[in-house]
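The structure under discussion appears below in the form of structure tokens.
The values are calculated or read from the model by the stated rules, or taken from the named source; none is laboratory data. Please read all numbers here as calculations on a predicted model, not as lab measurements. Cβ placement follows ideal geometry from the backbone for every residue including glycine, while neighbour counts extend to all protein chains displayed. Areas reflect the complete protein model, heavy atoms only, side chains present, ligands, DNA and RNA absent. Shrake-Rupley method; radii C 1.70, N 1.55, O 1.52, S 1.80 Å.
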Amino acid sequence: MTDAPFILDRGESLWRQRVSQFFAKPSAYISFGLLVLLLLIAVFAPWIAPQNPYDLAQLDIMDGRLPPGSKSMDGKTFWLGTDEQGRDMLSAILYGLRISLFVGVVSTFFACIIGASIGVFAAYKGGKVESFVMRLVDLQLSFPAILIALVLLAAFGRGIDKVIIALIIVQWAYYARTVRGNALVERNRDYMEAARSLALPRSRILFSHLLPNCLPPLIVVATVQVAHAIALEATLSFLGVGVPVTEPSLGMLIKNGYDYLMSGKYWISTWPGLALVLAIVVINLVGDRLRDVLNPRLAK
Amino acid sequence: MLAYLIRRVGQALLVIAAMATIVFLSIYAVGNPVDILANPNADAKEMAEISARLGLDKPLWEQFGLFVWNALHGDLGRSFVFNEPALKLIIQRMPATLELAFVALIMSIVIGIPLGVWAGLKPDAWSSRTIMSGSILGFSLPNFWIGLMLILLFAVQLKWLPSGGRGPTTNLFGIPVSFLSWEGLRYLLLPAFTLALYKAALVIRLSRSGTREAVLQDYVRFARAKGLSPTRIVLVHVLKNIMIPVVTILGLELGSMIAFAVVTETVFAYPGMGKLLIDSIGRLDRPVIVAYLMMVVVIFVVINLIVDLLYAALDPRVRLQESEG
């Protein structure tokens, strides 16, 4: 499989070839299927969830801290128990997953675009610009992401938008480095010389010739980074500097359950945690598979 | 070498100065700590008094100038909440964090190297595959959740270990440490293990690839031809050679462990500097936040500087390259 020919068969596009390579391993169906399922759940959470966990009119404080499987005052079943305000944990998790995935995907998307543009520009320019950008990248990457994010959020305050901005600032450097490394190789290729000798405008050379050829490793990094971003957001929210209480992500839900953990009320923290772990593992598995397909040289 | 030393130290000071500016401006430009510190019924006059006492009524550039001047004299301001020098508060809590980081470091080596060497010797065995999948989990799972689950299992369900806090301490050269007594060690086990997991995953990867490379080398083949037992080859010849990269990387990672202890300390209510940082962010206690961050920046810069200088001392090519570029 890894030796799949790179010569295009007539009638079969590169894209279709890659797709069939991706699914050559049966386990890829499972991880990809789970990922699609999680995304669907996140998108349609308001329609699937048994209750709207943030509509206070639907909550009854008498239902607070019920263990999984208990009945509510009006006869509904809380399959995963309730939190201290009588909120159905299953609904809270569905909504929390929505927020966690949203933060992870959006921040990664923008960080990827910003980082990749800076990286490809630096590689193309070379010289002083490149060494300045790369010094900056090295400096930022020498500090752990969690610390930079903490400083930023201590300064910004809480909020989904602020978490996303902090995660973009934390992540752009990875993409800049990945793209720049790849662009250094690509910029000496023949097609680049051809583009330059045709005297194409610089922006066109950069964005329609150089960047597309740097994409495959970028896609792999971006997929895995979504999982990192989700984990980082959960950690920040757990520390109390992430999302606000009114829009809890999975990390916030775990934090809410933390106080009840000692008294044996495990479900408030455990179920959101498992949902978080499932999301992170599934994204990593898909990312690994993509790495095998898009970058055969790095395959284990 | 001297020219390289001066340049490199100069760069390090520049980084510290730049980070000081960024940290100060980002922490001081937003929020008003007076709102949190003042009694809710305080009128405008009382608020102004508090503001003046903390020096918050001055323009930002003046506050910054004062901060730089005092910082150069080793004074990073007084905590708004404790009314004690911020640096003192941090240094008081530093032994706890360093102890946690060191115990975690040792745990990650003790867990990581044997597993990594095993996976490197038998790359295709199912046990090795399990180890490698485990190391991916160690990398990607959120650390705080693992900590919570360990508390749930060992403290709440089994009641073997305490769920948090720091155990009794004994003085070692005047520094309070808790690893010398069993009771103190019991408090350290869970947080240190949680903190160690991520680095253990890293050590597994490093020692696996190191072992896979080493077993193909001539000296291993020679040792085998000489009739040495496989155990001796692995324990003496292979292990020695993979230790070099592992120790280098772990030395570099010590700084990130101290930073990551913020999360572990919060989960286990462990009274170290990380817990202090999170509490201070919640209370808008700016001088403590700034002092903590400056402390960590200095630790990072110093670790990087030492590693770079050691490399330059050992490998002349590094200094030549630097002076050319």
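Among the residues of this structure, B:TRP126 counts as one that is within 26 Å of A:LEU285 (Cβ to Cβ) and exposed (fewer than 14 other Cβ atoms within 10 Å of the Cβ). Could you check, for segment A:178-189, whether at least one of its residues is among the charged types (D, E, K, R) and open to solvent by less than 50 Å² (accessible area, probe 1.4 Å)? Yes - at least one qualifying residue is present in segment A:178-189. Summed over segment A:108-131, the residues that are without any contact (Cβ under 8 Å) to a residue 24 or more places away in the chain and within 13 Å of chain B (Cβ to nearest Cβ) give a count of 3. When each of A:VAL245, A:VAL241 is tested for being at pLDDT 85 or above, over 23 Å from A:LEU34 (Cα atoms) and either open to solvent by 10 Å² or more (accessible area, probe 1.4 Å) or not in a helix (DSSP H, G or I) (or both), the lone residue that passes is A:VAL241. Residues of segment B:129-172 that are open to solvent by 30 Å² or more (accessible area, probe 1.4 Å), within 12 Å of chain A (Cβ to nearest Cβ) and among the polar types (S, T, N, Q): B:SER133, B:GLN157, B:SER163.
Being assigned to a loop (DSSP other than H, G, I, E, B) and buried (at least 24 other Cβ atoms within 10 Å of the Cβ) is the filter here; which residues of segment A:248-268 pass it?
So the first thing to find is which residues in segment A:248-268 are assigned to a loop (DSSP other than H, G, I, E, B), and the list is A:248-249, A:262-266.
Matches in segment A:248-268: A:PRO248, A:SER249.
Here is a check on your reading of the model: is A:THR246 touching a residue at least 60 places away in the same chain (Cβ under 8 Å) and closer than 18 Å to B:PHE268 by Cβ? So A:THR246 fails the test. I want to confirm something. Restricting to segment B:29-61 and keeping residues that are surrounded by 14 or more Cβ atoms within 10 Å (Cβ to Cβ) and of a type in the set (Asp, Glu), which single residue is modelled with the highest pLDDT? Here the answer is B:GLU49.
Restricting attention to segment A:269-281, the residues that are within 11 Å of another protein chain (Cβ to nearest Cβ) and surrounded by 21 or more Cβ atoms within 10 Å (Cβ to Cβ) total 8.
Screening segment B:187-300 for helices (runs of 4 or more DSSP H) wholly inside it with 3 or more residues that are open to solvent by less than 10 Å² (accessible area, probe 1.4 Å) and either within 13 Å of another protein chain (Cβ to nearest Cβ) or not polar (S, T, N, Q) (or both) returns the ranges B:239-267, B:273-282.
Quick grid of which residues meet (1) surrounded by 14 or more Cβ atoms within 10 Å (Cβ to Cβ); (2) over 29 Å from B:ILE281 (Cα atoms); (3) at pLDDT below 85:
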| site | (1), (2), (3) |
| --- | --- |
| A:LYS128 | no, yes, no |
| A:ALA155 | yes, no, yes |
| A:ALA176 | yes, yes, no |
| A:LEU198 | no, yes, no |
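Taking the conditions exactly as written (part of a helix (DSSP H, G or I) and open to solvent by less than 50 Å² (accessible area, probe 1.4 Å)), does B:LEU87 satisfy them or not? Yes; evaluated as a whole, the condition is true for this residue.
Checked against (1) open to solvent by less than 60 Å² (accessible area, probe 1.4 Å); (2) on the phi < 0 side of the Ramachandran plot; (3) more than 21 Å from the chain's Cα centre (by Cα); (4) not charged (D, E, K, R), A:LEU218 passes all but a single condition, namely (3). A Cβ distance below 9 Å, combined with a sequence gap of six or more or placement on separate chains, defines the contacts here; from segment A:145-162, residues that are without any contact (Cβ under 8 Å) to a residue 60 or more places away in the chain and more than 8 Å from chain B (Cβ to nearest Cβ) reach residues that are open to solvent by less than 10 Å² (accessible area, probe 1.4 Å) and part of a helix (DSSP H, G or I) in the pairs A:ILE148/A:ALA166; A:ILE148/A:VAL170; A:LYS162/A:LEU153. With the condition kept exactly as written, say whether any residue in segment A:164-177 is away from chain B (no Cβ under 11 Å) and farther than 23 Å from A:VAL224 by Cβ. Checking segment A:164-177: not a single residue is away from chain B (no Cβ under 11 Å) and farther than 23 Å from A:VAL224 by Cβ. Tell me, yes or no, whether segment B:67-76 has at least one residue that is within 21 Å of B:GLY282 (Cβ to Cβ) and not in a helix (DSSP H, G or I). Looking through segment B:67-76, at least one residue is within 21 Å of B:GLY282 (Cβ to Cβ) and not in a helix (DSSP H, G or I).
When segment B:183-200 is filtered for residues that are touching a helix residue (DSSP H, G or I) at 6+ places or on another chain (Cβ under 6 Å) and aliphatic (A, V, I, L, M), the ones remaining, listed by number, are B:LEU188, B:LEU190, B:ALA192, B:LEU195, B:ALA196, B:LEU197, B:ALA200. When the residues of segment A:229-267 are filtered to those that are at the interface with another protein chain (Cβ under 10 Å from one of its Cβ atoms) and of a type in the set (Phe, Trp, Tyr), which remaining residue is nearest to B:ALA261 (Cα to Cα)? Residue satisfying both the conditions and the ranking: A:PHE238.
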